[in-house]
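Before any comments, here is the structure.
The values are calculated or read from the model by the stated rules, or taken from the named source; none is laboratory data. It should be emphasised that the depicted structure is a prediction, and the values quoted were computed from it without experimental measurement. Cβ placement follows ideal geometry from the backbone for every residue including glycine, while neighbour counts extend to all protein chains displayed. Just the protein is used for accessible areas: all its heavy atoms, side chains included, with ligands, DNA and RNA removed. Shrake-Rupley method; radii C 1.70, N 1.55, O 1.52, S 1.80 Å.
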Amino acid sequence: MNIVIKSLVIAGAISLMSGTALAAENCAVGKTVTDGVLTIGTGNPAYFPWVIDDNPESGQGFEAAVAYALADRMGFDADQVVWTRTTFDQAIQPGVKDYDINMQQYSITEERRQTIDFSSPYYTSAAAVLVRKPAVEAGAQPNIASLKGLKWGAAAGTTANELINSLIDPEPQTLLYDDNADITEALKSNQIDAVLLDLPSALFTAAVLLDDGVVLGQFPSDATGELDQFGAVLEKGNPLLECVDTALAEMGADGTLASIEARWLQSETGVPVIE
Amino acid sequence: MSKDMQTGTPAASEKVAGFSKQARQQREIRLRRRSTLIATVSTISVFLAIYILVPMAPGWEKVQHSFFNWEIFEKTFPTLLNAFLLDIAIFAWSAPLIAIWGLALALARDARSPALFPLRLFATVYNDIFRGVPVILTIYLIGFGIPGLGLPRPWNSPYIWGSVALVLSYSAYVAEVYRAGIESIHESQRAAAKSLGLSHWDTMRFIILPQAVRRVLPANMNNLISLQKDVALLSFIGPVELLRQAGVFKSFYANFTPYLGAALIFLAVTIPATRFADSLMARQDKERR
């Protein structure tokens with residue numbers, strides 16, 4: 001009798017556990033572009049350290065790693081994940097999408113929410129100021145007064161331009177470029193003094209792309225608000241959003257996101273905070 | 001020949017029957033009215049079909065939200081207009097330089113003295129290269145490359161080198177247009193000028209160029225219109241002009257409506273310019289007849 005009750009309890013517990021696991025895994029069934037496959041959009045090219053060597057299939061790099069962990073939570077094996085390349089514009093154009101979720105450092109903003117859906121954030125980035133040694137030698141310092149006098153550059157499609165205007169409001173007009181490669185070129189040719197980037201990109205550019213790059217400082221994250229929280233983009237009204245958010249919440253709660261971040265993104269210590 | 005025949009027939013038919021002429025006139029009026037009616041009905045029905053059918057498409061609401069969003073249009077349009085001032089400025093300082101440098105290149109290609117052959121060779125190679133390379137590539141190469149050599153500020157400004165790139169590219173096109181104009185002036189005029197004792201350059205200055213430049217004015221107007229749109233390419237190397245500003249708004253709102261605003265601003269300039277070029281061409285045609 002006792003044994004029967006015990007085994008019943010165990011069976012019940014097991015079915016309950018598998019039930020909840022199944023609920024999370026079944027959530028995405030029938031909601032993806034291709035049945036049984038999760039299609040994830042990334043940039044063309046996808047940049048370090050978000051995707052290493054422009055090869056998201058390897059799972060190397062912060063966003064690639066998050067994507068595979070996320071897919072796993074949603075019940076997709078690694079071989080059920082398909083990558084596709086999109087530009088920012090393709091991600092926001094109206095009509096049928098060829099991806100389920102799109103991850104390429106999209107900052108979550110209210111304005112963008114009018115047209116697309118964002119998952120809850122998978123990374124909160126500090127905005128960092130990248131300069132070259134000559135600017136430091138000329139007296140650039142990590143405070144607003146000093147930053148105001150610099151000639152700024154930023155990538156046009158990002159929220160950096162907004163941040164420069166709201167946080168620094170520099171005197172010379174800000175120049176805008178298509179991507180980080182062009183910004184780096186403008187820095188090298190001394191057409192701009194300073195660039196606002198997310199901290200991981202700033203550290204990478206300073207260390208690898210520039211001979212004399214210096215990350216001058218970073219803004220405290222409460223100053224930049226929601227502007228530099230990265231979320232995955234989904235078509236507006238996509239029912240998959242709920243599944244993605246559930247999975248991301250789990251990954252945040254059990255430390256998965258933090259450990260992926262620790263592995264792929266350089267530590268933020270040593271970069272002074274801008275006053 | 002055919003004109004003679006036409007003037008011949010009405011006179012003949014008039015004699016044959018005054019009655020039939022009136023009937024024919026009435027028929028012509030009827031025909032004209034009918035074709036006006038058909039044109040009106042077909043135009044209205046096409047627009048009506050677009051107006052009714054397009055919003056019936058399942059994705060229309062999303063398209064409308066993304067491309068024809070009045071709220072965003074209202075918010076962004078004043079800033080876009082302001083950004084267009086930069087396009088106008090770049091255009092204003094580039095166009096005269098293009099006209100001058102293009103003319104110089106055309107003259108170099110027309111140099112006839114054997115001693116000036118290197119000049120001719122230079123102009124030919126120049127035109128081949130700059131007409132063959134996409135403008136945007138020239139802008140990247142010159143706009144980033146030359147300041148990269150270590151020029152001090154403000155001489156490394158993207159405004160300067162971007163404009164230089166535009167001038168280099170466009171003058172190659174303009175030079176070819178000028179050359180076509182120069183070559184269209186009949187050789188006998190040069191001979192006549194020579195017999196009057198005019199030197200090569202005086203012939204060019206007083207006889208050939210005044211006619212050639214006027215003759216190719218409509219073609220050069222086309223180049224101007226195209227330049228007016230291509231100044232936007234400077235945005236690739238930093239300046240925030242109309243197209244870039246629209247792109248910034250597009251990213252900020254995740255909405256394409258600002259591009260519609262930019263298109264309207266461009267059209268507001270290019271359509272009058274195109275009509276002006278057309279009327280110039282029509283006037284020249286009339287003068288030549």
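Numbers at a glance
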item: Charge sum, other residues only, whose C-beta stays under 14 Å from B:PHE91's C-beta, Lys/Arg counted +1 and Asp/Glu -1; result: -2
item: GNM result for chain B, Cα springs below 10 Å: residue of B:ALA191, B:ALA165, B:ALA111 fluctuating most strongly; result: B:ALA191
item: From phi via Karplus (6.51, -1.76, 1.60), per-residue ³J(HN,Hα) for the range A:172-182 in Hz, x at Gly/Pro; result: x, 5, 6, 9, 10, 10, 6, 8, 5, 4, 5
item: Cβ-placed point charges (K, R +1; D, E -1), dipole of the protein assembly as shown about Cα centre in debye, nearest 20; result: 4480 debye
item: Share of alpha-carbon pairs per 5 Å distance bin for the range A:62-122, given as whole %; result: 3, 14, 28, 24, 19, 10, 1, 0
item: Summed side-chain charge close to B:LEU81 - residues other than B:LEU81 whose Cβ falls under 13 Å, Lys, Arg +1, Asp, Glu -1; result: -2
item: Accessible solvent surface per residue of the protein assembly as shown, calculated while the other protein chains remain in place, 1.4 angstrom probe, Å²; result: 52 Å²
item: Over chain A: Rg over Rh, Cα atoms, Kirkwood Rh; result: 1.07
item: Inter-chain shielding of A:89-95 (mean C-beta neighbours from other protein chains, 10 Å cut-off); result: 5
item: Size of the B/A contact, given as accessible area buried on both chains, probe 1.4 Å, in Å²; result: 2600 Å²
item: For B:248-259, mean number of other protein chain Cβ atoms within 10 Å; result: 6
item: Charge sum, other residues only, whose C-beta stays under 13 Å from B:THR40's C-beta, Lys/Arg counted +1 and Asp/Glu -1; result: +3
item: Relative packing of A:87-93, B:183-189, B:247-253, which averages over residues the other C-beta atoms within 10 Å, highest first; result: B:247-253, A:87-93, B:183-189
item: Where B:SER169, B:SER157, B:SER195 fall by accessible area, highest first, once all protein chains stay in place (1.4 Å); result: B:SER195, B:SER157, B:SER169
item: Cα gyration tensor category, rounded, prolate or oblate, for chain B with a/c compared to 1.5; result: oblate
item: For residues of A:114-124, the mean tally of beta carbons on other chains within 10 Å; result: 2
item: Global geometry of the range A:127-219, whether rounded, prolate or oblate, following the gyration tensor of its Cα atoms and the 1.5 cut on a/c; result: rounded
